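This report concerns only the one structure given below.
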Amino acid sequence: MDLFADDTSLRQLPIADGELWFTPRLPLAITPEQAMQRLREETAWRAEHIQVWGKLHLQPRLMAWHGEASYRYSGKTFHPLPFTPLQRQLKQAVEQATGRQFNSVLLNYYRNERDSMGFHADDEPKLGPQPAIASLSFGAARTFILKHRHTGQTVKIDLGDGALLLMAGTLQQHWQHGINKQTRPCGERINLTFRNILHAP
Ligand SMILES: O=C(O)CCC(=O)C(=O)O
Ligand SMILES: [Fe+2]
């Protein structure tokens, strides 16, 4: 028996070629409903463009980038806004749960079941060779899918209201992840991925 484990501590999920840690409910001083409402209202949400086969499309979700370092993502450079007080509070709770430090956060707002995120790895050089990326979710549960680059194996995790998922070790080298559109109607969801951007030497 593990005397120290409880429902809210991170548990390691079995996966080859990387590390995944999960808790369905990160302990917070506010309710997930309060966090969701404040994130929705206090964030300067932007509809970003993405280029596919030479044509510009709107990303199928809204985004915002906050923190202390600019960052390239999907071929674009984001200049962050400062952390809001709520983001700092969430960052502190995530750092306490994971034992990792973060200096940036990407926020994604999935308005309904038609919003999604294409398969990708968070493997930008500025994240370092084995980045720790902490993903905190609020609102409607969506299925987070991991696909192994070589074996094609897939792993699915439902990320519900208040859930925290930590990706670490060699995971970004071997797996891609994404959120598919779904036919079943669902409400809105906000996801925060906390990252540590390495400063240029
Ligand atoms: O919304 C999610 O759970 C995934 C977010 C993600 O992969 C990212 O921000 O890079
Ligand atoms: Fe990602």
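The values are calculated or read from the model by the stated rules, or taken from the named source; none is laboratory data. As the structure is a prediction and not an experimental result, all values here were calculated from the model. A quick note on method: Cβ atoms are made from the backbone with ideal geometry, for glycine too, and the neighbour counts reach across all protein chains shown.
Taking (1) away from ligand 2 (no atom under 16 Å from the Cβ); (2) over 27 Å from GLU33 (Cα atoms) in turn, HIS148 satisfies each apart from (1).
Would you say LYS156 is away from ligand 2 (no atom under 13 Å from the Cβ) and at pLDDT below 95? Taking the combined requirement at face value, the residue does not satisfy it.
Are there any strands (runs of 3 or more DSSP E) wholly within segment 34-151 with 1 or more residues that are touching a Leu at 6+ places or on another chain (Cβ under 6 Å), and if so which?
49-52, 62-67, 104-110, 133-139, 142-148
Residues in segment 113-129 that are modelled with pLDDT of 95 or more, more than 10 Å from ligand 1 (Cβ to nearest atom) and surrounded by 14 or more Cβ atoms within 10 Å (Cβ to Cβ): GLU113 alone.
Pairs meeting the criteria (first residue in segment 46-62 and among the basic types (Lys, Arg), second residue assigned to a loop (DSSP other than H, G, I, E, B) and surrounded by 11 or more Cβ atoms within 10 Å (Cβ to Cβ), beta carbons under 8 Å, at least 6 apart or on different chains) are ARG61/ARG111; ARG61/ASP115; ARG61/SER116. Return the residues of segment 95-110 that are of a type in the set (A, V, I, L, M) and farther than 20 Å from GLY128 by Cβ; say none if nothing qualifies. Within segment 95-110, ALA97, LEU107 qualify.
Summed over segment 76-96, the residues that are buried (at least 20 other Cβ atoms within 10 Å of the Cβ) and either under 19 Å from MET36 (Cβ atoms) or within 10 Å of ligand 1 (Cβ to nearest atom) (or both) give a count of 4.
Against the list (1) within 10 Å of ligand 1 (Cβ to nearest atom); (2) under 23 Å from ALA44 (Cβ atoms); (3) surrounded by fewer than 21 Cβ atoms within 10 Å (Cβ to Cβ), the condition ALA140 fails is (1). Checking PHE119 against (1) away from ligand 2 (no atom under 11 Å from the Cβ); (2) over 25 Å from SER9 (Cα atoms), only one condition comes out false. Which one? Result: PHE119 fails condition (1) only.
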